[in-house]
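Okay, structure first, notes after.
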Amino acid sequence: MKRNIRNYDLNDLKQEMIRIEEKPFRAEQIFKWLNQEKVMDFSEMTNLSLDLRKKLEDNYRIGTFQMEHKLVSKDGTKKYLFNLCDVENNLIETVLMKYHHGYTICISSQVGCKMGCKFCASTGIPFVRNLEAGEIVEQIIAVEREEKIRISNIVFMGIGEPLDNFENVMKAIEIINHPKGLNIGARHISISTSGLVPKIYELANRQMQCTLSISLHSSNNKTRSAMMPINQTYPIEELIKACQYYIQKTNKRISFEYALAKDNNDHEEDAKALVKLLKGMLAHVNLIPINPIEEGKYHKSTNENILNFRDYLNAHGIVATIRRELGSDIEAACGQLRRQNLSKNKR
């Protein structure tokens, strides 16, 4: 099978040009065509010679995504189910959200997920494989082409654990961030992790300017381990130590995600414990009204408890906000649409 040319960052592409006996400067032209002009065929690269275009056609392909399904919410949120058109016709999800400051896209990093978080719609769907860098980037390009828009913010919060696919995610960010690529600033890119401690250290040492989001959801190991099996490998004490190292190395604030589940982690004593855990850290808490999933054990907290929890944190020096609920009528939480599609195909 031909190699996906979207997998190459600019430096890789220069090496590819040398390998096929072309001038390295051609890489910049191709890179711009792929990521700024968003062409889907080598014949559209009109400032390249016919011979080079033929050589590219013989050796490479430009992605293969097909849109399997698209849902549009009454609030403007759009959800896409993409077929990767690989041997197994694997499916991934991407969500587009519109805010006053522009468009934000939530992208997937894996086909399935190994983490097994009990409140996530991806749980129970087997992990298949990592997404390649080009497949990560193509989600953005496919949505921009479909909607004829410019996306300004990227969040790695779709299907998969981004830090479990570390090298491909880093390569994708290089392409997204590059001035001759998608040219989206690192400060507009957010990486969410369930808490892979060694990779948090590795990310810190790269000193990237992306925002790091930690799926925390509880400040005690018993509750967090019940919600997130990863906590049994990397308990809260180790996770917080890694977060402190990250802040020290990057001088960047961490966003802690906290999904409020009724009678599980949403009472005042939970808020008190969270204040104690995060006190003194450069941190922000993003409170998430939990999305119930089929056969799930967790349910959305009451509005009163959500507001009280936020107010308690703010009153005790921890900046906390409540995530705006978008796309609830189209089941925009990661994994829900793919889960439904797989279930339907098994009948």
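The values are calculated or read from the model by the stated rules, or taken from the named source; none is laboratory data. Bear in mind the structure is a predicted one, so any value in this text is a computation, not a measurement. Note that we place each Cβ from the backbone using ideal geometry, even for glycine, and neighbour counts take in every protein chain shown. Just the protein is used for accessible areas: all its heavy atoms, side chains included, with ligands, DNA and RNA removed. Shrake-Rupley method; radii C 1.70, N 1.55, O 1.52, S 1.80 Å.
The residues of the stretch 157-205 that are open to solvent by 10 Å² or more (accessible area, probe 1.4 Å), under 26 Å from Gly112 (Cβ atoms) and of a type in the set (D, E, K, R), listed by number, are Asp164, Glu167, Lys171, Glu174, Lys199, Glu202.
For the stretch 19-35, a tally of residues being surrounded by 13 or more Cβ atoms within 10 Å (Cβ to Cβ) and over 17 Å from Lys180 (Cβ atoms) returns 2.
Would you confirm whether any residue within the stretch 47-64 is outside any helix (DSSP H, G or I) and at pLDDT below 95?
Just the residues of the stretch 47-64 that are outside any helix (DSSP H, G or I), to begin with: 47-49, 60-64.
In the following step, the residues that additionally are at pLDDT below 95 were identified as 63-64.
Yes, some residue in the stretch 47-64 is outside any helix (DSSP H, G or I) and at pLDDT below 95.
How about the stretch 224-251: which of its residues are in contact (Cβ under 8 Å) with a residue 60 or more places away in the chain and surrounded by 19 or more Cβ atoms within 10 Å (Cβ to Cβ)? Those that are in contact (Cβ under 8 Å) with a residue 60 or more places away in the chain and surrounded by 19 or more Cβ atoms within 10 Å (Cβ to Cβ): Met227, Met228, Ile230. Pairing residues of the stretch 263-289 that are among the hydroxyl-bearing types (Ser, Thr, Tyr) with residues that are open to solvent by less than 60 Å² (accessible area, probe 1.4 Å) and in a loop (DSSP other than H, G, I, E, B), at Cβ distances under 9 Å and at least 6 apart in sequence or on separate chains, gives no pairs at all. For Lys38, the conditions (1) open to solvent by less than 50 Å² (accessible area, probe 1.4 Å); (2) at pLDDT 95 or above; (3) under 30 Å from the mean Cα position of the chain (by Cα); (4) over 19 Å from Asn183 (Cα atoms) all hold with the exception of (4). Considering (1) farther than 30 Å from Ser225 by Cα; (2) not in a strand (DSSP E or B), the lone condition that Thr104 does not fulfil carries the number (2).
Considering the conditions (1) at pLDDT below 95; (2) open to solvent by 80 Å² or more (accessible area, probe 1.4 Å), Lys300 is excluded by exactly one of them, (2). The set of residues in the stretch 117-156 that are open to solvent by less than 10 Å² (accessible area, probe 1.4 Å) and either assigned to a loop (DSSP other than H, G, I, E, B) or out of contact with any Lys or Arg (no Cβ under 7 Å at 6 or more places or on another chain) (or both) comprises Ala121, Ser122, Leu131, Ile136, Gln139, Ile140, Val143, Ile151, Ile154, Phe156.
With in contact with a Ser or Thr (Cβ under 9 Å, 6 or more places away or on another chain) and surrounded by 22 or more Cβ atoms within 10 Å (Cβ to Cβ) as the only criterion, which of Leu212, Leu216 stands out? So that I can check it myself, show each step before the final result.
Working: Leu216 fails: in contact with a Ser or Thr (Cβ under 9 Å, 6 or more places away or on another chain).
Just a single option satisfies the conditions, and that option is Leu212.
Checking the conditions here, which among Glu269, Glu295, Glu257 is surrounded by fewer than 14 Cβ atoms within 10 Å (Cβ to Cβ), at pLDDT 95 or above and among the charged types (D, E, K, R)? Even if it seems obvious, please write down each step before you answer.
Values: Glu295 fails: at pLDDT 95 or above; Glu257 fails: surrounded by fewer than 14 Cβ atoms within 10 Å (Cβ to Cβ).
Within the list Glu269, Glu295, Glu257, the selection yields Glu269.
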